Amino acid sequence: MADNTKTLKAACLCGDANHEITLPSKDFPLPCYFCTCDSCRHMTGCLFLSSTVSTLSYEPSQDLFDKLTPFQFSDRITTYFCKRCGCQMFNRSLPKPRMPERKAKWDIMTGTLETFDGNLDLKGYEYVHDTTDGGFTDFMPVVDGRTLDRLPHGTEGEAHLPLYWRDPETTKPLEPDARLEAHCKCKGVRFYVARPSAQSTQASRSWPDLLIPHYEQSGKKDDAAHETWWLRANKTKFLAGLCSCNSCRLASGMEITPWAFIPRIDISLDAEGKVPFQDNFGTLKNYNSSEGVMRSFCSVCGAIVFFADSERDKTTLLDVAVGLLSAPEGSRAESWLEWRTERLSFREDAVGRANSLVEGVENGLREFRENGLGRLGPAKEVSEGLGI
C-alpha cells in the first residue's frame, strides 16, 4: 500500500526542539504567507513572520512542549519557541468566533523546516499596511517569476498595494536629538538608539560577510577604505543588511534575518540616554550559539534581539534585530539605516534549501537599488542637525 503521507524535519538552533512533522501528501506544497504586521515584527525581531498552515490533523507531540516556552500572542493565538535558543517553532490558533465549528490549527514557522523549495508555496504578504513603507515586501516582490500578493491587511480579496508603496500619511522621522525606541512584542526588552555621532566612530569589529565578499569578488576597494564601515550616508546612518545563514534562520525560525550594526555606546536603556547599555536587562536571555558568539532573545515572547562577539566592551558593535525598531517613518527605519542591497549575506547557506527565495531577494534588492530607493532624507540635512 502506497504511503500517502510526507514527513518534514524541523529544527531549532540548539537542537533541543528538533522534531518531525508528518502530513498528508495531497496537501503539498503547503500554502504560506509572510506576515508583516507590527505585532509579528516585534515578536520575531524580523521584518516578517514566515509560517505555513498545517492540516487540521496535525498536532505536536506532548513531549515537545516540555522544551518550548508558550507566549500568549493574542486572545486566539499562542506561540511556542525553544526555551534554550529562542527559535520560534509554531503557533496555535483558535477558531474565530464566527466559525466555532472549526478546530484549532497549528502554523509551522518555515525557517525551522529542512527544505523550503518543493514543500511550500509562498503566496505573498499580509498586513503590508502596518509597515508604512512596504517593509520587506520591496526587497522580494517576485518569486519564481510570480508577483507575490501584497495584501494591506489579512483579508483575501482586498486590492493589493503597489510595489514601493508608502503610506501617504507617514509620520515624519524623529528629531535629530531624539532616540529611537526598540522593543519586543511583550516589551520585556526595551532600549533606545541614538543617532550616529563622533563617539560612534570609535567602535570596532571585524568586517561582516555582508561586505567582504562583495568588494573582494568585484575588485572594488571602496568599502575596504572605510574603517567605520557600520556608518553610512556621511556617517549619519547605521548600516543594515539581510542575512540568510543557517544559524540566524534556526535562531529566529524566519527565512531572512535583518540586522543593523550599532555601537554599544549608542544604545541606552532609557529615552534620555542616561542609563548605559548592559548585556543583561529586562527579560533578555543570552545563548552562546558557538565559540565566541552570543545571541540574545526575549525569554517571554521569543523575539531575537542581538548578535554579538564574545569580546565585549563599550566600543564594540552589536547586530541589532531591525524588527524591534519603532521608527515612525516605517519598518525599514530609513532615516536611521542605510540598507546594503549589493549582497544577501551567507546566500550559500540558503541555496539548495530555498533557492527561489535567494533569487527573489537578490533580484528584488538589485531593482530596489537601481530605483534609487532606501535613502530617506538628505544626509547633509541630517548631519547638519546633528552637528557633525
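A short reminder: the numbers here are calculations on the coordinates, not readings from a lab. Note that the structure is a prediction, hence the values are computed from the model and not measured. Positions of Cβ are backbone-derived with ideal geometry, glycine not excepted, and every protein chain shown enters the neighbour counts.
Answer with one residue from GLY15, GLY118, ILE77: the one whose Cα lies farthest towards the positive end of the charge dipole of the stretch 1-123, charges on Cβ with Lys, Arg +1 and Asp, Glu -1.
Checked the options; the winner is ILE77.
Below 8 Å, C-alpha to C-alpha, sequence gap of six or more: please give me the relative contact order for the chain in percent.
That works out to 20 percent.
Along the charge dipole of the stretch 7-150, Cβ charges K/R +1 and D/E -1, which of THR52, PRO31, PRO95 sits furthest on the positive end?
Result: PRO95.
Taking only Cα atoms, what is the 0 to 90° angle, nearest 10, from helix 355-370's long axis to the longest principal axis of the chain?
30
Restricting to Cα atoms and excluding each atom paired with itself, what does the Kirkwood estimate give for the stretch 2-106 in Å?
15.0
Cut-off 10 angstrom, C-alpha nodes, Gaussian network model of the chain. Which of ALA350, ALA11, ALA178 fluctuates the most?
Taking springs between Cα atoms under 10 Å, the residue moving most is ALA178.
Under the √(5λ) rule applied to the eigenvalues of the Cα gyration tensor, what semi-axes describe the equivalent ellipsoid of the stretch 128-200? Give them in Å, descending.
Each semi-axis is √(5λ); the values are 31, 15, 14 Å.
Of the cross-linked pairs LYS26/LYS83; LYS67/LYS105; LYS187/LYS235, which ones have a Cα-Cα span greater than 26 Å in the structure shown?
Table pairs above 26 Å Cα-Cα are LYS26/LYS83; LYS187/LYS235.
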